[in-house]
Amino acid sequence: AQTVTQSQPEMSVQEAETVTLSCTYDTSESNYYLFWYKQPPSRQMILVIRQEAYKQQNATENRFSVNFQKAAKSFSLKISDSQLGDTAMYFCAFISAGGTSYGKLTFGQGTILTVHP
Amino acid sequence: ETGVTQSPTHLIKTRGQQVTLRCSSQSGHNTVSWYQQALGQGPQFIFQYYREEENGRGNFPPRFSGLQFPNYSSELNVNALELDDSALYLCASSLLAEYSPNYGYTFGSGTRLTVV
């Protein structure tokens with residue numbers, strides 16, 4: 001069974017600064033995907049960034065980037081130039097890449113990020 | 001793209017009753033999953049439907065059941081409601097295919113269920 005751990009229940013950052021959210025996971029599989037989702041007060045889970053385990057290059061999406069360390073099973077999210085709209089709960093999630101029958105997303109406990117003006 | 005829509009947004013039921021939650025998947029998506037999210041927690045996987053058949057289930061009792069229809073809309077049914085069933089229920093859809101990358105799931109805004 002897979003587990004995802006987010007050890008930071010809450011984080012805060014000043015507007016325009018950089019913040020890093022931590023995530024570790026445990027799996028015996030070699031092929032999988034990792035995601036960061038953002039959940040604002042509107043409740044909708046929004047995909048922020050995605051990483052394929054077989055790719056060594058870290059994924060980036062505009063102000064969002066990840067530091068993927070496969071051997072250490074670590075997957076942190078860096079948010080640069082933080083904006084007030086980044087305030088939300090952030091979830092790290094894992095999914096096996098084993099075909100269409102492996103559709104279960106396993107989520108961490110979440111990190112509440114507050115961006116202060 | 002129409003996104004994922006869920007109804008109703010809020011619901012209050014009495015312990016022992018039955019409830020049906022509905023989800024309309026994003027156009028073209030062949031897979032729908034349901035998650036239960038307790039307050040302040042990460043979502044927990046209930047089950048997934050792929051092409052109208054259940055092909056994955058989490059640690060939830062049989063009183064949690066579902067359906068996926070040919071138009072890819074979906075229902076989550078919960079029988080004999082318990083107080084602990086109070087949570088946000090999220091529906092997520094995706095386009096999955098063998099040997100293709102998983103581009104992630106599109107989530108709805110959820111149904112907040114309160115059992116009293």
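Subtracting the Cα-Cα distance of A:Q2 and A:E29 from 0.36 nm times their residue separation leaves 8.8 nm of extension gain. Split the accessible area of segment A:1-62 by element, probe 1.4 Å, and carbon with sulfur accounts for 42%.
Sort out the exposed loop GluC sites (Glu not before Pro) in chain B (DSSP loop, at most 15 other Cβ within 10 Å) and tell me the longest stretch that has none. Free of exposed loop sites, the longest segment is B:2-51.
Principal semi-axes of the equivalent ellipsoid, √(5λ) from the alpha carbon gyration tensor of segment A:1-106, are 24, 15, 12 Å from largest down. Compactness ratio for chain B: Cα radius of gyration over 2.2 N^0.38 Å (N = residue count) comes to 1.02. Within straight-line reach of A:K70, meaning a Cα separation under 17 Å, sit the following aspartates and glutamates at least 8 residues removed in sequence or on another chain: A:D26, A:E29, A:E52.
The lysines within cross-link reach of A:K73, meaning a Cα-to-Cα straight distance under 27 Å and a gap of 8 or more places when in the same chain, are A:K38, A:K55, A:K104. Ignoring aspartates and glutamates fewer than eight residues from A:K78 along the same chain, the ones with Cα atoms less than 13 angstrom from its Cα are A:E17, A:E61, A:D86. Extension gain for the segment A:Y54 to A:T20, taken as residue separation times 0.36 nm less the Cα-Cα distance, is 10.0 nm to one decimal. Taking every alpha-carbon pair under 8 Å whose residues sit at least 6 apart, segment A:4-117 reaches a relative contact order of 37 percent. Taking label positions 7 Å along the Cα-Cβ direction at both A:R63 and B:Q17, the computed distance is 4.3 nm, reported to one decimal. Based on the convex hull around the alpha carbon atoms, segment A:25-83 presents an average projected area of 4.7 nm².
Summed over the residues of segment B:29-116 and divided among them, the accessible surface reaches 43 Å² per residue at a probe radius of 1.4 Å. Applying 1/(1 + (r/R0)^6) with r as the Cβ-Cβ distance of A:T114 and A:L47 and R0 = 22 angstrom yields a FRET efficiency of 0.55. Divided by 2.2 N^0.38 Å, where N counts the residues, the Cα radius of gyration of the protein assembly as shown comes to 1.00. Among B:T5, B:T114, the sequence by solvent-accessible area, most first, with a 1.4 Å probe is B:T5, B:T114. Measuring gaps between exposed loop sites in chain A (GluC sites (Glu not before Pro); DSSP loop; at most 15 other Cβ atoms within 10 Å), the longest gap, sites not included, is A:30-117.
The values are calculated or read from the model by the stated rules, or taken from the named source; none is laboratory data. Nothing here was measured: the structure is a model prediction, and the numbers come from that model. Cβ coordinates were reconstructed from backbone atoms using ideal geometry, including for glycine residues, and neighbour counts include every protein chain displayed. These area figures cover heavy atoms from the full protein model, side chains too; ligands, DNA and RNA do not enter into them. Shrake-Rupley method; radii C 1.70, N 1.55, O 1.52, S 1.80 Å.
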